[in-house]
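See below for the structure under consideration.
The values are calculated or read from the model by the stated rules, or taken from the named source; none is laboratory data. In this text the structure is predicted, and so the values were computed from the model without any measurement. For neighbour counting, all protein chains shown are included, and Cβ atoms are generated from backbone atoms with ideal geometry for every residue, glycine included. These accessible areas exclude ligands, DNA and RNA; they are computed on the full protein's heavy atoms, side chains included. Shrake-Rupley method; radii C 1.70, N 1.55, O 1.52, S 1.80 Å.
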Amino acid sequence: MSEYILVTGGAGYIGSHTVVELINNGHKVVVVDNLVNSSYDSIARVEFIVKQSIPFFNIDLRDHDKLSEVFKAYKIKGVIHFAALKAVGESTKIPLDYYDNNVNGTISLLNVLKEHNVKTIVFSSSATVYGDVTRFGDDRYIPIPEECPLDPTNPYGRTKFVVEGILKDIHTSDPDNWKVAILRYFNPIGAHPSGLIGEDPLGIPNNLLPYLSQVAIGRRDKLSIFGNDYKSHDGTPIRDYIHVVDLAKGHIAALNYLHKLNESGLYREWNLGTGKGSTVFDIYHAFSKAVGKQLPYEVVGRRAGDVLDLTANPSRANKELGWKAELDIETACEDLWRWTTKNTHGFNVEGYSWKTFE
Ligand code: NAD
Ligand code: WQD
């Protein structure tokens, strides 16, 4: 019987790119997603890219019995757990929904894993767990290493912090068997070079590049740049923007690392970032170049909660996982622009489907 990797949240932005890389690396994949923030069309397009069908189940992770059925039908050897709600602003308005979905969803998943004796899991955490690293009053945690103390500043970030703790406790309860990889992503951007899959936010985008791409195709008037009075080379905040394909490849590296452990368990965190910081204006210029024209913007006041610098120190992942981000922000912007122009209204628009690409 073939062994499968279960990908929760595999219809989403990072999950769909990771499914492509898993299959390109010879893995068999089952996807579980309740489509709360995605569309089945992304799976159909992934099937088109990898030229094979992918078992898909529309299941909420909190539905223990339905999830358990998937484990009865497929021999699962490990899980990559993306499924979560992820909007920082929304999480401050409906925190209980975030804890219920992200924490209870994970507990339900872990119960099913335990019942089926599957003890290998890669978890999507976030740089947001570090909080504001300028709180130390100096640069000792810039770029941010995994040892930096955690102090998330919003409910979304705290759900990631809580789940990291749960996974650590699970590992402690059976340290020889649980293999847990915590991957802390910095700022994922870009799209698959095919232009077939990418980020498709519902409503008004919160993140910089999705917003900018909607300005570029005329769905929004102009970009608001949230403050130019930070201590950076051009006054705008610094982030570590990582191409989503590089990020996806980091999951394959983590999974391979866990599988090579053979008989011993592990709990370990790895930052997935490039180690290179870019400002908002750096991104603005790179994307304008990809589009071929300067896009309209205005500088407005700072956004509450934003900090000066969130750049990764990725050396642990570079050394231990043998993984390194290879693609630059220019490539990410070109790939994003290709995805945007091919899909001006994202996935699942009536009369316009992945079949258009056949
Ligand atoms: P996404 O919203 O595109 O993907 C998440 C997927 O999970 C969606 O397809 C959604 O439908 C599904 N899902 C949510 N709750 C579920 C549930 N209870 N049961 C089943 N499916 C459920 O988000 P993404 O950007 O691909 O993020 C993937 C993961 O990476 C998330 O855990 C997110 O918190 C984390 N992360 C994302 C970023 C980022 O900027 N995109 C940064 C750091 C960490
Ligand atoms: C990037 C920069 C803004 C929009 C968020 C989450 C984090 C993680 C990744 C999940 C900032 C500026 C943005 C705009 C702007 N997600 N900006 N105008 O805030 O670094 O991180 O996504 O785990 O948890 O907080 O990303 O893309 O929102 O902002 O000027 O319209 O762009 O001020 O400096 P952020 P972002």
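Before moving on, here are some points about what is shown:
- Test: N104 is more than 23 Å from L261 (Cα to Cα) and more than 16 Å from ligand 2 (Cβ to nearest atom): yes
- Boolean, K75 is within 16 Å of ligand 2 (Cβ to nearest atom), open to solvent by 60 Å² or more (accessible area, probe 1.4 Å) and closer than 19 Å to L109 by Cβ: no
- Pairing residues of region 85-97 that are open to solvent by 60 Å² or more (accessible area, probe 1.4 Å) with residues that are modelled with pLDDT of 95 or more and among the polar types (S, T, N, Q), at Cβ distances under 7 Å and at least 6 apart in sequence or on separate chains, gives V88/N154; T92/N154.
- Within region 13-37, the residues that satisfy the criterion of being in a loop (DSSP other than H, G, I, E, B), open to solvent by 20 Å² or more (accessible area, probe 1.4 Å) and either within 6 Å of ligand 1 (Cβ to nearest atom) or touching a Gly at 6+ places or on another chain (Cβ under 7 Å) (or both) are N34, L35, V36, N37.
- The residue list G195, G218 contains one member that is free of Cβ contacts under 8 Å to residues at least 60 places away in the same chain and more than 10 Å from ligand 2 (Cβ to nearest atom), which is G218.
- Some residue of region 58-71 being away from ligand 2 (no atom under 16 Å from the Cβ), touching a residue at least 24 places away in the same chain (Cβ under 8 Å) and part of a strand (DSSP E or B): no
- Taking region 1-12 as the range and being part of a loop (DSSP other than H, G, I, E, B) and within 16 Å of ligand 1 (Cβ to nearest atom) as the test, the residues that pass are G9, G10, A11, G12.
- The strands (runs of 3 or more DSSP E) found wholly in region 241-358 and carrying at least 3 residues that are open to solvent by 20 Å² or more (accessible area, probe 1.4 Å) occupy 266-272, 297-300.
- Within region 87-110, the set of residues being touching a Leu at 6+ places or on another chain (Cβ under 9 Å) and polar (S, T, N, Q) comprises S91, N101, N102, N104, T106, S108.
- Close pairs (6 angstrom Cβ cut-off, 6 or more residues apart or separate chains): open to solvent by less than 40 Å² (accessible area, probe 1.4 Å) and among the hydroxyl-bearing types (S, T, Y) in region 221-232, within 6 Å of ligand 2 (Cβ to nearest atom) and at pLDDT below 95 anywhere: none
- When every residue of region 136-149 is checked against the conditions, at least one turns out to be at positive phi and at pLDDT below 95.
- On inspection, E3 qualifies as over 15 Å from the mean Cα position of the chain (by Cα) and in contact (Cβ under 8 Å) with a residue 60 or more places away in the chain.
- A count restricted to region 28-52 and to residues that are in contact with a strand residue (DSSP E or B) (Cβ under 6 Å, 6 or more places away or on another chain) and free of Cβ contacts under 8 Å to residues at least 40 places away in the same chain stands at 4.
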